[in-house]
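Have a look at the structure below before the remarks.
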Amino acid sequence: MSLQIANTTRRTIDGNLLEKAIRTVLRNEGCKVASIEAVYCGNRMIRKINREFLQHDYATDTITFRYNEGDEVEGEFYISLDVIGENARRFGATFEDELLRVTIHSALHLVGYDDGSVEDRAAMTVLEDRYIALMKKR
């Protein structure tokens, strides 16, 4: 039951809060951590991953890979702190709040949620809001 958080940037992030958010989502969605790696990186790394695995030549906020099925989750996700900063400014949020939202979003992908349609995105946003509120109560 390994959850690794890696930050490849010089920006400081609250790894304990992010780990707690990931574990909270998995637990509340009926899943457990088997092996998860959460990588917080810059645009260069996420663009390379996006190009290599999804054939998209641009930076994005998050890319998630799930490697197994069932309730014990094996996977990894990458989050660009550069895009998080851009989105925080665009949406009028703090960097920390946007980072928490996208981390929760990535964890939801790991447990099986998709955002391929307008309806799916709306459902994920409701869940993100619920988990953000839960994290802020703690």
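Exactly one residue out of 60, 9, 24 is of a type in the set (Ser, Thr, Tyr), touching a Cys at 6+ places or on another chain (Cβ under 9 Å) and either surrounded by 14 or more Cβ atoms within 10 Å (Cβ to Cβ) or touching a residue at least 40 places away in the same chain (Cβ under 8 Å) (or both), and it is 9. The set of residues from region 106-134 being within 23 Å of residue 49 (Cα to Cα) and either out of contact with any Asp or Glu (no Cβ under 6 Å at 6 or more places or on another chain) or of a type in the set (S, T, N, Q) (or both) comprises 106, 107, 108, 109, 110, 112, 113, 115, 116, 117.
Please enumerate the residues belonging to region 33-57 that are basic (Lys, Arg) and buried (at least 17 other Cβ atoms within 10 Å of the Cβ).
Kept after step one, since they are basic (Lys, Arg), are these residues of region 33-57: 44, 47-48, 51.
Result: 47, single match.
Could you go through region 92-101 and let me know if any residue there is among the aromatic types (Phe, Trp, Tyr) and exposed (fewer than 15 other Cβ atoms within 10 Å of the Cβ). No, region 92-101 has no match at all.
Going through (1) in contact with a Leu (Cβ under 9 Å, 6 or more places away or on another chain); (2) within 19 Å of residue 1 (Cα to Cα) one by one, residue 63 falls short only on (2). Every listed requirement among (1) surrounded by 15 or more Cβ atoms within 10 Å (Cβ to Cβ); (2) under 27 Å from residue 67 (Cβ atoms); (3) out of contact with any Phe, Trp or Tyr (no Cβ under 7 Å at 6 or more places or on another chain); (4) not polar (S, T, N, Q) is met by residue 124 save one, (3).
Bear in mind these aren't lab numbers, they're just calculated from the coordinates by the rules spelled out. Only a predicted model underlies this, so the values are computations on that prediction, with no experimental measurement involved. Note: ideal-geometry Cβ built from the backbone for every residue, glycine included; neighbour counts use all protein chains shown.
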